[in-house]
Amino acid sequence: MNRIFIFFLLISNLSLMAQDEKAKEILDQLSVNTKSYENIDVDFTFDFINTSQEINEQQEGNIKISKNKFRLDLNQQIIISDDTTQWIYLKESNELQILEYDSQDDMLSPNKLFTIYEKGYKTQYIKEKDKVHIIDLFPIESSEFKNIQLQIDVDKVQIKKIILNDKNGGSFSYSINRFSTNTQLDEKLFNFNQEEYPEIEIIDLR
C-alpha cells in the first residue's frame, strides 16, 4: 500500500508489525490445537461465488481427517485417501476414479485445509468481530489464490470459516457448522469399498 508521508508510513508499518505478531500468536496456538487432535470430524457449508461468471453455488459437506487420511463427502461426490491411494466417486454417473496420492504434491488437499496457513503465507490480523478473529493470508510466491481469510473462534481457537479468493474473481468458502475432535472413526471410512456400489464404472489412473 502506497503512503505519501514518511510519518504515516512509519506509523502504519509499526502498526502492521504489531498486527502481524498478533496473527502469528493466534495461528501458532491454532496449529498446536489442530495437531493435538487424534482426528477431526467436521460438517460444513461450501459456497462458490464468481459474480463475473454469474456463479453462485452452495452445498453441504462433511470431512473426516485422521492423520494423513481423509474422507470428504459432498452432494455430488466422495473423495477418499488413505495417504497412498485416492478415490474420487461421482455419484450421478456412478463412476470411480482411482489415482496415486502424493500429499507433497497436493498442497490444497482437503486434509490440509486446517493447516493451510502454516507455511508460504504472510499474515495480517484484520479485527475481532463477534468473538471471531479475522486474519488474512497472502501467498509469498505466485499462487492461484490472491489471498485467504481465516475466521477463528476466540475462545476455542478453532477455525470457523475459510475463504479462498482466486485471481479470476472466484471465492471459495467453507463455513464450519459442527467441529468434533477425538471421536471414534472406523478405519474402513478411509478406503473405498467398491462392493457397496453395484455396476460402478472404474477408471484406474494409477
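The values are calculated or read from the model by the stated rules, or taken from the named source; none is laboratory data. Treat the numbers as computed from the prediction; the structure is a model and nothing was measured. Note: ideal-geometry Cβ built from the backbone for every residue, glycine included; neighbour counts use all protein chains shown. Side chains included, ligands, DNA and RNA excluded: accessible areas come from the protein's heavy atoms. Shrake-Rupley method; radii C 1.70, N 1.55, O 1.52, S 1.80 Å.
Picking from residues in the stretch 103-131 that are within 15 Å of S81 (Cβ to Cβ) and of a type in the set (A, V, I, L, M), the one that is modelled with the highest pLDDT is L113. Of all residues being surrounded by fewer than 17 Cβ atoms within 10 Å (Cβ to Cβ) and of a type in the set (V, I, T) in the stretch 50-77, which is nearest to R178 (Cα to Cα)? Just the residue, please. Ranking the qualifying residues of the stretch 50-77, first place goes to I55.
Among residues of the stretch 151-176 that are part of a loop (DSSP other than H, G, I, E, B), those with a beta-carbon under 9 Å from a residue that is surrounded by 16 or more Cβ atoms within 10 Å (Cβ to Cβ) and of a type in the set (F, W, Y) at least six positions away or on a different chain give the pairs K156/F179; Q158/F114; Q158/F179; K167/F145. Among the residues of the stretch 126-150, those identified as closer than 14 Å to L30 by Cα and out of contact with any Ser or Thr (no Cβ under 8 Å at 6 or more places or on another chain) are V132, H133, I134, L150. Restricting the first member to the stretch 81-95 and to residues that are at positive phi and among the charged types (D, E, K, R), and the second to residues that are open to solvent by 40 Å² or more (accessible area, probe 1.4 Å) and not in a strand (DSSP E or B), the beta-carbon pairs closer than 6 Å and six or more apart or on different chains are D83/N68. Which residues, counting only those in the stretch 28-49, are hydrophobic (A, V, I, L, M, F, W, C), in contact with a strand residue (DSSP E or B) (Cβ under 8 Å, 6 or more places away or on another chain) and either assigned to a helix (DSSP H, G or I) or open to solvent by 50 Å² or more (accessible area, probe 1.4 Å) (or both)? Residues satisfying the conditions are L30, I49. Taken over the stretch 78-91, the residue count meeting the criterion of being assigned to a loop (DSSP other than H, G, I, E, B) and open to solvent by less than 60 Å² (accessible area, probe 1.4 Å) is 2.
Could we say that N94 is open to solvent by less than 80 Å² (accessible area, probe 1.4 Å), at pLDDT 90 or above and touching a strand residue (DSSP E or B) at 6+ places or on another chain (Cβ under 9 Å) here? It would help to see each step written out before you state the result.
Details: open to solvent by less than 80 Å² (accessible area, probe 1.4 Å): yes; at pLDDT 90 or above: yes; touching a strand residue (DSSP E or B) at 6+ places or on another chain (Cβ under 9 Å): yes.
Considered against the rule, which asks whether it is open to solvent by less than 80 Å² (accessible area, probe 1.4 Å), at pLDDT 90 or above and touching a strand residue (DSSP E or B) at 6+ places or on another chain (Cβ under 9 Å), N94 comes out as yes.
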